[in-house]
Each structure stands twice: as structure tokens, then as C-alpha cells.
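Data first, discussion second: the structure below is written as C-alpha cells.
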Amino acid sequence: MSIYDAAFVNTELAKPTSIFGLRLWVVIGILVGALIVLALFLLSLCLTSRKRNRHQNQIRFPKSTTDHSPPAVSKVIQEIVHHAVPDHHHHVQPEIHVEIGKLEHRVVFSDRPSSGESRGAVSENASFGSVTVGPEVSHLGWGRWYTLRELEAATNCLCEENVIGEGGYGIVYLGILGDGTRIAIKNLLNNRGQAEREFKVEVEAIGRVRHKNLVRLLGYCVEGAYRMLVYEYINNGNLDQWLHGDVGDISPLTWEIRVNIIVGTAKGLAYLHEGLEPKVVHRDVKSSNILLDRQWNAKVSDFGLAKLLCSERSYVTTRVMGTFGYVAPEYACTGMLNEKSDVYSFGILVMEIISGRIPVDYSRPQGEVNLVDWLKAMVGDRKSEEVVDPKLPDKPPSKALKRVLLVALRCVDPDATKRPKMGHVIHMLEADNLLSHDEHRVGKNSSHSVQGHQHENRVIPRQVNNPKYEGASSNVSEGDNGNFNMK
């Protein structure tokens, strides 16, 4: 370019323009700068959009590697406001997980037991007052979710007149649903940690269990701070009431009825121990937890202290809890729990049914305070007939009585390894025609042997409450030998 061309360009660029009188080179500079800024802005938009798409793809399609370890899940029951987001992933959860929401709810169960007591509590900030949707069928294949409003209507706002039971973990109300169905509603106490454990244990233990000798869990209610369990209503009280309540001089519990209750309880426990995986250890077998229907069929209830035990574990170590007089000595001393602990409690229960005595009675003379020691001494002295409940309306067959006592003594053997399994207990009880040939008609035919009792209009005797046991040792002392020669 010659010097004349350069001078011409400079002259042209220096000419003013019509845009605010700016020179041409200034306008060109402004346009170039604007183009650069626009290009940078479009580039940043492109990068941001790509990063956002990549993040969404990672959420929608998480990376699947060779690591198949279970996801970390909270070990407490959590209350979550759910906004109808479908869950397409079905992972195995290590703990029970409750989700409650406006449009749907579900309880996810684990295939593995809890390794210990639940720690922590539920968030109480979530509000369920706006839920107006009626009770829905549970997503579990069992039971249903009840609203608090429905259960309050069934119990007349949880009035005291509807209370049919009360314990250390909750109050049980009689409820009548809109269709006339009677239900038992267990309202867990307002101790958050205890209520959460109780709720988790009972739902996890018997939510899906169906057996004629186990009380059926119909559903549940989780709203705000309320934790409620809904059971079938058993309309004839519990065994403790009929054994130790005010029934008069003659008990309506005949020998056939008592044997039927013993066998029914054994079958219920055998199902928990041998028919489920993981097995369920009840941990609180006692007379007040054995409910009776109008045909005197036994139904095991109150799984609030139950523990789950995997097949690969022979025991679980836990805090000692139970009821005084029923706790197995090795469990009381070491905290090591397995199904043989329930077998010991069952043996105490059998002794209680046969003798009509409570496990530990300080009002009796020395030597008769402890039921196990007294009964072992009586059987050892060949006085088996003298241990029978004096209120029993009919004298039991000697052979049948001795066999039942032998089963009870084997169940309370000080060596837990020598105690029989519940399946073996059933076999021993049903052997050699122990039961009457008309056992299946026991509820219909027993009234003729009971004077002054009309079974259709009988009044359930007032329950006698036994103290809860939460110590670290047991007052039950064992003899040197749990086996006796019974002829």
C-alpha cells in the first residue's frame, strides 16, 4: 500500500458519521467489540446447557459399576412428605422405612433384621392436617393405612371408656369402624424413641404374618406425633384374666380348654421360630399376652419387644427386657437372646396354666414363692396331682398331666441347649392322645362341666397386672437337674 492509499484510509476513517457525530473508526470499534461480547455470551450459554444436560442424565441414569453394596439408609423410621414421585428402583433396605404423604404411602420392609435398637427420632415438623384423602390400601399386600380422624371416630376421640388394656408401651382402645367392625387400637406412648422402636418392631415382626394362633395386625396410622397399630379385636380377654381374675370358686377353664390353649400357644410360637425367615423371637411370652376368643383359642399378641434373628446367627445381644418371672436366666445374665429364651418363658406359662399360680408370688409360704422351684420339688416328691389348680372343675388324666408337666420342666431346663424347640414341644404335647378326642369341640361342650358360668354371656374378669421386668438379673433360681423320672 502506498503512502497515498494510507493517507486516504486515514482520511476516510476520520470522517464524522451520522451516529452522534462519531468518527467512522470509533463506530467500527464499537461494532467489533459488541460482536466479541455476543460471541462470548453465546459460548457461555452453550457450555451451561451442556453441563445441565449431563447432570440430569447422571441423576436419571446413575453409574452402575461392579460395586453392588446396599445404599446407606437411615436406621430410624422416617416421616417424609411424599409428592407422588414414582420409585422405579427397588433396592433392598436394611431397615423398615415408612413414607407417608398426601397422595400415597408405603412401608418398605427389609429382608435383614435390625442390628440393634433404633436411635433417633422422627421429624415432627411435617404436618398431616391437610390430608383429606380417605384411608388407602397399603402397598404391602397386607393391611391398610388409617387416618387419625377415622381412628378417633372409632374410639370416640380416644376416650377413657374405650380403654381395654394398658401397659408400659401403649394404651389399647376398643374401636368400632363405620361398617361396624370391631378393632383393637394400640396407641403408642408419646415417648418418641420408645414409640418409634415399638412401631418398627411390631410392623416388621407381624405385619405380613398370618397364623390362626397369632393376633393379626390389620393396619397402622402415622400422623404427626401419633403412632398407632390396628389389630383384630379378640373378644374374650386374655389368659391372665381368666387364670388370676375373679372367676369364682370354679374356673371356666377346663382341662381340655387349658391343654388347647397350651397347644395353640406352642403352635403360634413355633411358627414365629421355625416358619419365618428371619425368625421372630417374641421376648415377652406371658399369660397377659395370650388372648382368647369365644372358643378359647389362644392368640399370641403384643410383639413390642420382639427381635428378628437371621438364620446365620445363633443369638442376638440386646438389652434385657421382659416380664419378671418369665425371663430366661441366661438371657437375664448375659443379654444373649435366641428362640430358646421364648421356650423358657413358654415353660413358665405352662406351669402357670396347670397350677393357676403366678411365676413369683411373695404372698405364699417360703418354698412356694418361686413357681419353678416349687413345682420341681412337688414333681420330685411324686406329688404331681397336688400342683393342679384347685379351681379346675374336672380332674385331669394322670398320664396327660405328667406329660404336660414333663414338657414344662424340659422347657425351663437351666441349660438352654437342652431345651426343646417349639416344634418338638408340639409333637410331645400331641403324642399318646394327650388331648381329648373331642378337643375340636372344646368351646361348645365345656359349659356342661362348669357350674355357674354361661359362656355366651360371661363377663371377662378384671385383669391382674404383673410388674414389668427390666433388670439385669433374674430371681428365678434353678435346681441341679431339670429332668425328673415321671411314671
- Task: Please indicate, with yes or no, whether at least one residue in the stretch 395-411 is closer than 14 Å to PRO329 by Cβ and either of a type in the set (Asp, Glu) or surrounded by 15 or more Cβ atoms within 10 Å (Cβ to Cβ) (or both).
- Result: yes
- Task: Restrict the check to the stretch 222-239 and report whether at least one residue is within 22 Å of ARG403 (Cα to Cα), crowded, with 22+ Cβ neighbours inside 10 Å and touching a helix residue (DSSP H, G or I) at 6+ places or on another chain (Cβ under 8 Å).
- Result: yes
- Message: Looking at the stretch 308-322 only, could you name the residues that are surrounded by fewer than 24 Cβ atoms within 10 Å (Cβ to Cβ), touching a residue at least 12 places away in the same chain (Cβ under 8 Å) and of a type outside the set (Phe, Trp, Tyr)?
- Response: LEU308, LEU309, CYS310, SER311, SER314, VAL316, THR317, THR318, ARG319, VAL320, MET321
- Query: Is there any pair with a first residue in the stretch 17-28 that is free of Cβ contacts under 8 Å to residues at least 60 places away in the same chain and a second that is surrounded by fewer than 13 Cβ atoms within 10 Å (Cβ to Cβ) and of a type outside the set (S, T, N, Q) whose Cβ atoms are under 6 Å apart and which are 6 or more apart or on different chains, and what are they?
  - Reply: ARG23/ALA14; ARG23/PRO16; LEU24/LYS15; VAL27/ILE19
- Message: Please count how many residues of the stretch 323-348 are assigned to a helix (DSSP H, G or I) and either buried (at least 23 other Cβ atoms within 10 Å of the Cβ) or touching a residue at least 60 places away in the same chain (Cβ under 8 Å) (or both).
- Response: 15
- Could you list all residues from the stretch 218-238 that are in contact with an Asp or Glu (Cβ under 7 Å, 6 or more places away or on another chain) and touching a residue at least 60 places away in the same chain (Cβ under 8 Å)? LEU218, VAL222, GLY224, ALA225, ILE234, ASN236
- Message: Among the residues in the stretch 423-432, are any at pLDDT below 95, outside any helix (DSSP H, G or I) and more than 19 Å from VAL343 (Cα to Cα)?
- Response: no
- Query: Before we move on, is SER384 at pLDDT below 95 and crowded, with 20+ Cβ neighbours inside 10 Å?
  - Reply: yes
- Condition check for SER363: touching a residue at least 12 places away in the same chain (Cβ under 8 Å) and of a type in the set (Gly, Ala, Ser): no
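The values are calculated or read from the model by the stated rules, or taken from the named source; none is laboratory data. Nothing here was measured: the structure is a model prediction, and the numbers come from that model. All Cβ positions, glycine included, derive from the backbone under ideal geometry; neighbour counts span all protein chains shown.
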